[in-house]
Amino acid sequence: MSRFFSVQISRGLVLAAAFLLTACGKSELYQQESYVFGTRVQISIYGLDEAVAAKHAGAVLAELDRLHRKLHAWQPSEITRLNAAIQRGELTTADIELIEMLKAAQSYAQQSDQLFNPAVGGLVELWGFHRDTFAPVIPDAQSLAKLLAAQPSMAQLRIDQASISSDNPAVQIDLGGFAKGWALDHAASYLRQQRVLNALINIGGNVLALGKKDQEPWTVGLQHPRQPEAMATIALKSGEAIGTSGDYQRYFMQGGRRHSHLIDPRTGLSAQGIQAVSVIAPPSQSAGTISDVATKPMLIGGLGTSWMYAQRFGIRDALVIDEKGDAYISSSLQARIKWLKKPPHVYRLR
């Protein structure tokens with residue numbers, strides 16, 4: 001590797017990888033893991049016969065794999081087929097599931113003032129993040145300026161029943177900032193329907209809790225954005241989902257500057273000024289999706305607007321780690337969090 005840059009991909013994300021689960025030796029706790037959405041996935045089920053738990057965990061993992069293949073941004077998928085049609089200026093069709101996702105993404109994009117903008121897949125590709133194993137890439141200035149001038153947005157996607165089109169060929173859909181949260185809700189819906197009342201679903205650090213583990217709430221750890229360990233733990237209430245976006249998840253260093261996959265659609269550059277944002281979405285049928293989406297405008301928009309965006313998405317529990325490693329935390333989350341490695345300074349998020 002050249003001395004001029006380094007490439008790093010965090011595998012910790014929200015340190016739900018460890019889950020900080022107690023009494024893991026008990027037979028009542030069943031866990032199954034896989035690798036989906038380019039990250040580690042773990043399903044934990046408590047209180048069911050092992051064979052029954054294994055059946056349901058396997059069904060969830062199979063569904064997540066289906067969604068992953070359907071929504072892949074650069075390998076052949078429904079998304080790449082859609083993007084190719086848009087580039088050619090052609091009308092195309094999609095199934096009910098994808099139409100529902102795209103309509104939801106349009107609504108969330110508007111709610112976030114387009115800071116959450118799944119139409120800027122072209123920017124993500126320019127930065128080299130549309131690869132299974134990526135190398136550091138600094139986009140050509142002319143190509144970057146051209147794409148920014150086109151101003152692709154979800155509002156330019158026309159959806160008429162099952163038909164999709166856009167007059168802007170620069171619109172290239174990438175649901176990476178949305179898919180894991182949507183998948184959490186999809187998995188939770190299945191488990192509820194199957195009367196699996198106590199489970200924890202972890203998709204690369206995006207986590208949704210159902211019920212409890214024994215008589216205790218499911219407890220997860222928050223990854224330290226600069227160290228390979230948990231910085232805090234949080235007990236989740238049933239139906240809550242926790243999501244984190246950080247500049248440590250997929251990034252490279254070049255010239256002493258950190259370039260992450262979290263691209264500011266206004267500038268075409270990696271968002272700066274915040275290391276990580278974590279939120280807990282209250283119980284709802286869309287808790288997973290909200291926990292995933294809300295962190296994007298909070299991080300990209302910067303500290304000054306992060307609480308405003310949290311409130312827009314109905315978030316009361318939020319944590320922002322700024323570029324110096326200081327923490328800004330909402331009062332409701334401050335009452336719940338247990339610090340393991342407390343930041344140098346902790347301020348109220350407002």
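The values are calculated or read from the model by the stated rules, or taken from the named source; none is laboratory data. Just so it is clear, the structure is predicted and the values come from calculations on it, not from any experiment. With ideal geometry, Cβ positions are generated from the backbone for all residues, glycine too; neighbour counts draw on all protein chains shown.
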Item to check | Residues within region 19-57 that are surrounded by 15 or more Cβ atoms within 10 Å (Cβ to Cβ) and either modelled with pLDDT under 50 or of a type in the set (Asp, Glu) (or both), tallied | outcome: 4
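I'd like to know if region 52-75 contains one or more residues that are farther than 14 Å from LEU175 by Cα, among the acidic types (Asp, Glu) and assigned to a helix (DSSP H, G or I).
yes
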Next on the checklist: Can you go through LYS180, LYS213 and tell me which one is surrounded by 24 or more Cβ atoms within 10 Å (Cβ to Cβ), of a type outside the set (Ser, Thr, Tyr), under 24 Å from ILE300 (Cβ atoms) and in contact (Cβ under 8 Å) with a residue 12 or more places away in the chain?
Outcome noted: LYS180
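When region 76-100 is examined, which residues are found to be part of a loop (DSSP other than H, G, I, E, B) and touching a Ser or Thr at 6+ places or on another chain (Cβ under 6 Å)? Break it down stepwise before answering.
The initial filter retains those residues of region 76-100 that are part of a loop (DSSP other than H, G, I, E, B), namely 76-77, 88-91, 94-95.
Selection gives LEU91 alone.
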Checklist entry - in a helix (DSSP H, G or I), touching an Asp or Glu at 6+ places or on another chain (Cβ under 6 Å), surrounded by fewer than 20 Cβ atoms within 10 Å (Cβ to Cβ) and modelled with pLDDT of 95 or more, is that true of LYS103? => result no
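A quick yes/no check of all residues on (1) among the aromatic types (Phe, Trp, Tyr); (2) in contact (Cβ under 8 Å) with a residue 60 or more places away in the chain; (3) closer than 20 Å to GLY38 by Cα; (4) crowded, with 19+ Cβ neighbours inside 10 Å:
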residue: GLN110; (1), (2), (3), (4): no, no, no, no
residue: VAL120; (1), (2), (3), (4): no, yes, yes, yes
residue: THR133; (1), (2), (3), (4): no, no, yes, no
residue: PRO136; (1), (2), (3), (4): no, yes, yes, no
residue: ALA141; (1), (2), (3), (4): no, no, no, no
residue: LYS146; (1), (2), (3), (4): no, no, no, no
residue: GLN151; (1), (2), (3), (4): no, no, no, no
residue: MET154; (1), (2), (3), (4): no, no, no, yes
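Condition test on GLY128, is it in contact with a Phe, Trp or Tyr (Cβ under 8 Å, 6 or more places away or on another chain), surrounded by 15 or more Cβ atoms within 10 Å (Cβ to Cβ) and either in a loop (DSSP other than H, G, I, E, B) or charged (D, E, K, R) (or both)? Can you show your working first?
Numbers: in contact with a Phe, Trp or Tyr (Cβ under 8 Å, 6 or more places away or on another chain): yes; surrounded by 15 or more Cβ atoms within 10 Å (Cβ to Cβ): yes; either in a loop (DSSP other than H, G, I, E, B) or charged (D, E, K, R) (or both): yes.
Yes; evaluated as a whole, the condition is true for this residue.
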Checklist entry - Just one of GLY205, GLY177 is at positive phi, within 17 Å of the chain's Cα centre (by Cα) and not hydroxyl-bearing (Ser, Thr, Tyr); which is it? => result GLY205
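For region 183-210, give me each residue that is crowded, with 18+ Cβ neighbours inside 10 Å, in contact (Cβ under 8 Å) with a residue 60 or more places away in the chain and of a type in the set (A, V, I, L, M, F, W, C).
Going through region 183-210, the residues crowded, with 18+ Cβ neighbours inside 10 Å turn out to be 183-188, 191, 196, 198-210.
Within this subset, residues satisfying the condition of being in contact (Cβ under 8 Å) with a residue 60 or more places away in the chain are 183-188, 191, 196, 198-208.
Selection gives ALA183, LEU184, ALA187, ALA188, LEU191, VAL196, ALA199, LEU200, ILE201, ILE203, VAL207, LEU208.
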Checklist outcome for this item: Taking region 314-336 and keeping only residues that are surrounded by fewer than 22 Cβ atoms within 10 Å (Cβ to Cβ) and not small (Gly, Ala, Ser), one is left with ARG316, ASP322, GLU323, LYS324, ASP326, TYR328, LEU333, GLN334, ARG336
Item to check | Residue in region 192-213 that is of a type outside the set (Lys, Arg), out of contact with any strand residue (DSSP E or B) (no Cβ under 6 Å at 6 or more places or on another chain) and not in a loop (DSSP other than H, G, I, E, B) present | outcome: yes
